[in-house]
Amino acid sequence: MTECKCDKCSTAFKIELETTRLENDVERTYFTCPECDAEYDVWFKNDEVYELEKERDTWKDRIQNPHMRKKAKKEVERIQSRIAEIMKRLKCEYVRGINRDE
C-alpha cells in the first residue's frame, strides 16, 4: 500500500482505495484521510472505459508476437489515449457534483 500525507491536516496515512457508483454507469475511485475525512479522487471510469481496458489488454498480449508487434503497439497507444480522454472528461463532469468541505 502507498502512503501519503493529507493536504488539509498533514496526517500521514496509507491509502485505502474506495469505489462508489455515481449516476449512470460511472464509478468514482478515491481515498479518504482517516483523520479529517478529506477525500482525494483517483479516477472516474464508466463501462466504456472498462471495455476499452479489456481491448487494450488483448492488444498488449499481441505485442509478444513479432508479426503483430508494431500494429499492437499502435493500437495500445490509441486505446490508452481514448481511455485518458474519457477519464479526464468524466473527472471534469463529476468532480463539481461531489459534496466537499473545501
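Here, each number is a calculation from the coordinates, and none is a lab measurement. Everything numeric in this text was worked out from a predicted model, so none of it was measured. Quick reminder, even Gly has a Cβ in these numbers, built from the backbone with ideal geometry, and neighbours come from all protein chains shown.
How high is the FRET efficiency from Glu77 to Glu16, r the C-beta distance, R0 25 Å, rounded to 0.05?
My answer for the efficiency is 0.20.
Let me know the shape class of the chain, please: from the alpha-carbon gyration tensor, a ≥ b ≥ c as square roots of the eigenvalues, rounded when a/c is under 1.5, otherwise prolate if a/b is greater than b/c, or oblate.
Here the chain falls in the prolate category.
For the chain, take the longest principal axis of its alpha carbons; what is the angle in degrees between that and the long axis of helix 47-62, to the nearest 10 within 0 to 90?
For helix 47-62, the angle is close to 40 degrees.
Among Lys8/Lys73; Lys45/Lys70; Lys8/Lys91; Lys8/Lys74; Lys60/Lys88; Lys5/Lys91, which pairs are too far apart, with a Cα-Cα distance over 32 Å?
Over 32 Å apart, Cα to Cα: Lys8/Lys73; Lys8/Lys74.
With a Förster radius of 25 Å, plug the Cβ-Cβ distance of Asp41 and Met68 into 1/(1 + (r/R0)^6) and report the FRET value to the nearest 0.05.
Calculated value: 0.10.
What is the sum of charges around Tyr30, taking Lys and Arg as +1, Asp and Glu as -1, for the other residues whose C-beta is under 9 Å from the C-beta of Tyr30?
Cβ neighbours under 9 Å give a net charge of -2.
R0 = 25 Å: FRET efficiency of Glu3 with Tyr94, Cβ-based, nearest 0.05?
For Glu3 and Tyr94, the calculated efficiency is 0.40.
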